[in-house]
Amino acid sequence: MKIILTGKFWIAIIVTLICTMVGTYLANLPYLNIIGSLVLALIFGMLLQVQPVDTKPIKKEIGFISNKFLRLGIILLGFKLNLTALMSSGIKTILLAMIVVTGTITGTYLLNRKFGVDKELAILAASGTGICGAAAVMGISPQIKVSSSKQAQKEEDQVLAVAIVAIMGTIFTLIEIMLKPLLHMDATQFGVVAGGSLHEIAHAVATGSTAGPVGLNIAIITKLSRVLMLAPAALIIGIWYQKSSKVNNGNGKHNKLPIPWFMGGFILASIIGSFVPMSPNVLSLLVKAAYIFLGMAMAALGISVNFKVILNRGKKPILATFISSVILLTFVIIVSKLFF
């Protein structure tokens, strides 16, 4: 609690909140809306490193925000996940989401490793590509337990993974919009393609909206079906990473099962938002709060690492993620044509 009572903590709150608010505002503008508020908040946090702003005195407070606010944001994000709408969409949509998430995470990870990308970065890039972009990267990251000597590199990996997902998602948003006239799909099919293949929710919304209200609604439902996989994916990846990395507590004993308890809050929030009578305005406010907390965590992360890492270590994972995104798009187009 000491950290909450310090003036430095409130300075960190104000700095990250400003980054988030500016990012949220800009995310509502044309063209910038496909980037999304979370990525913009990250960018503004990184830009503070090239401005005459000394953030070293609040380093501990920045770390607290990037860690604790992240979990709170993920929990509140559960209110965006309407389980009733997902269930009404049918087994096909849920099954597609399971196949897409499993196949994309596995394939993207293996491609990254084939290209010589570090294991931790490969996991984060694969998770962001397969599930829901920046939120997935930040949600899976706590499951990757590293030693204190590797903590700085892990933070760099998070920034790089978010940047990769943002770049790929933006590129494929433009590609899919340009391909739309050539695909000869109805609104439902194109909505499935947008929600099933794109990385961020913002990407799916921007692309699905080009097919009208039906396309937009289907894109959101299909995308949220992938978001639903975030909790089980975090648990499975945590268990697999612990076993494959032979992580132990220094005494030769394995750590406890890496259960992401905050994901339990995410699921509980989705259940409450779906089945407990609640004003649409209240739900909207909770979702907005989720993005504010997540944005502050992203800004804090951007402040704490060097953005030059994107140039130094980004080429191979970007190439691997591009290839996997092409395969994903091709697969979802075929499935959409055949089954939707």
Being more than 30 Å from Ile323 (Cα to Cα), surrounded by fewer than 23 Cβ atoms within 10 Å (Cβ to Cβ) and in contact (Cβ under 8 Å) with a residue 12 or more places away in the chain narrows it down to one of Thr106, Thr20, Thr84, so name that one. Thr84
Restrict the check to segment 226-242 and report whether at least one residue is in contact with a helix residue (DSSP H, G or I) (Cβ under 6 Å, 6 or more places away or on another chain) and not in a helix (DSSP H, G or I). yes
Quick check on Ala202: is it more than 24 Å from Leu38 (Cα to Cα) and either in contact with a helix residue (DSSP H, G or I) (Cβ under 7 Å, 6 or more places away or on another chain) or not in a helix (DSSP H, G or I) (or both)? no
Does segment 44-59 contain at least one residue that is at pLDDT 85 or above and under 15 Å from the mean Cα position of the chain (by Cα)? no
Quick one: would you say Leu174 is open to solvent by 50 Å² or more (accessible area, probe 1.4 Å) and in contact with a Leu (Cβ under 9 Å, 6 or more places away or on another chain)? no
Checked pairs for segment 58-78, first over 12 Å from Phe266 (Cα atoms), second charged (D, E, K, R) and surrounded by fewer than 18 Cβ atoms within 10 Å (Cβ to Cβ), C-beta under 8 Å and 6 or more apart or across chains, list as Ile58/Lys8; Lys60/Lys8; Glu61/Lys8
One residue is enough: does segment 23-38 have a residue meeting the conditions assigned to a helix (DSSP H, G or I), among the aromatic types (Phe, Trp, Tyr) and buried (at least 16 other Cβ atoms within 10 Å of the Cβ)? no
Out of all the residues in segment 140-167, which are open to solvent by 60 Å² or more (accessible area, probe 1.4 Å) and assigned to a helix (DSSP H, G or I)? Ser148, Ser149, Lys150, Gln151, Ala152, Gln153, Ile167
Segment 177-208, residues that are open to solvent by 30 Å² or more (accessible area, probe 1.4 Å), within 21 Å of Thr24 (Cα to Cα) and modelled with pLDDT of 90 or more: none
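The values are calculated or read from the model by the stated rules, or taken from the named source; none is laboratory data. Predicted model only: the values in this text are computed from it and were never measured. Note: ideal-geometry Cβ built from the backbone for every residue, glycine included; neighbour counts use all protein chains shown. Ligands, DNA and RNA are stripped out before the accessible areas are found, and what is left, the full protein with its side chains, is counted by its heavy atoms. Shrake-Rupley method; radii C 1.70, N 1.55, O 1.52, S 1.80 Å.
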